[in-house]
Amino acid sequence: MEIERKYLLHRLPEKLEQYPRLRIEQGYLCTAPVVRIRRQDDTYYLTYKGSGLMIREEYNLPLTEASYAHLREKIDGILLSKTRYLLPLKGNLTAELDVFDAPYEGLWLVEVEFPDQQSAEQFVPPEWFGEDVTFSAKYHNSTLSLPSSSAS
């Protein structure tokens, strides 16, 4: 089960380069239900996500580099690429800040995953987080992968 809140940033935090980061590339084989492939640095996954906005099922299965490359040729829509910065937050939480590459340059989204629904509902975001878009499917990566998406 994935429980997360998502925010649209209007400015990046200072000294972002000091935080750990991952290079991510992901594409979608299906968007309803969500079936995604992802390369995260040198690790590869196939992910299934159920319906929902703040709370939904999520299952990750490991892939080999060869199987990822094979499935990459079969994705629908836009192959998304981004840099994910991992910023520590109070309460042992982590802000996962995504800085998108083309065609979404200038789009900055931050997600926080929670251990339970109550923690997610009681979360008070830092001032720099910006607009809460948790309940907007417009900012799901699966929506952004659609050629007609206009979230940026």
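The values are calculated or read from the model by the stated rules, or taken from the named source; none is laboratory data. Computed from a prediction, not measured in an experiment: that's the story for all the values here. When we count neighbours, we look across all protein chains shown, and the Cβ atoms used for this are built from the backbone with ideal geometry, even at glycine. Just so you know, the surface numbers come from the protein's heavy atoms only, side chains and all, with ligands and any DNA or RNA stripped out. Shrake-Rupley method; radii C 1.70, N 1.55, O 1.52, S 1.80 Å.
Using the Cα gyration tensor of segment 8-52, with a ≥ b ≥ c the square roots of its eigenvalues, what is the shape: rounded (a/c below 1.5), prolate (a/b larger than b/c) or oblate (neither)? The partial results should precede the final answer.
Numbers: a/c = 3.59, a/b = 1.67, b/c = 2.15.
It comes out oblate by the Cα gyration axes.
Please give the FRET efficiency for A102 paired with Y45, using the beta carbon to beta carbon distance and R0 = 30 Å, rounded to the nearest 0.05.
0.85
Are there chymotrypsin sites (Phe, Trp or Tyr not before Pro) in segment 45-152 that DSSP puts in a loop and that have at most 12 other Cβ atoms within 10 Å, and which ones? Don't skip to the end; give the middle numbers.
Working: sites: Y45, Y48, Y59, Y68, Y85, F100, Y104, W108, F123, W128, F129, F135, Y139; in loops: Y104, F123, F135.
Sites meeting the loop and neighbour criteria: F135.
Count charges around R72 for me, please; just the other residues with Cβ under 11 Å from its Cβ, Lys/Arg as +1, Asp/Glu as -1.
Within the 11 Å Cβ shell, the charges total 0.
How much of the accessible area of segment 1-58, in percent, comes from carbon and sulfur atoms when a 1.4 Å probe is used?
Roughly 49 percent of what the probe reaches on segment 1-58 is carbon or sulfur.
For segment 1-138, with only Lys/Arg (+1) and Asp/Glu (-1) charged at the beta-carbon, what is the dipole magnitude about the Cα centre, in debye rounded to 20?
With Lys and Arg at +1 and Asp and Glu at -1, about 180 debye.
If I take R0 = 30 Å and measure r between the Cβ atoms of C30 and L89 in this structure, what FRET efficiency does the formula 1/(1 + (r/R0)^6) give, to the nearest 0.05?
0.40
For a test of the definition: using alpha carbon positions, the gyration tensor, and the 1.5 limit on a/c, classify segment 32-141 as rounded, prolate or oblate.
It comes out prolate by the Cα gyration axes.
So if each residue of separation counts as 0.36 nm, and I subtract the Cα-Cα distance between L61 and F135, what length gain in nm does that give?
Using 0.36 nm per residue and subtracting the Cα-Cα distance, I get 24.0 nm.
Across the chain, how many lysine pairs, 8 or more positions apart or on different chains, have C-alpha atoms separated by under 27 Å? Please give the number.
Total qualifying Lys-Lys pairs in the chain comes to 14.
Under the definition of Cα pairs under 8 Å and six or more residues apart, what whole-number percent is the relative contact order of the chain?
Relative CO of the chain lands at 31 percent.
Taking only protein heavy atoms and a 1.4 Å probe, what accessible area per residue, in Å², does the chain have with all protein chains in place?
54 Å²
Residues of segment 67-109 with backbone nitrogen within less than 19 Å of a virtual label 7 Å along the Cα-to-Cβ line of L53, please, listed as ranges.
Only 109 pass the distance filter.
I want to verify a result. In a Gaussian network model of the chain, Cα cutoff 10 Å, which of these has the top mean-square fluctuation: L46, L79, L61?
L61
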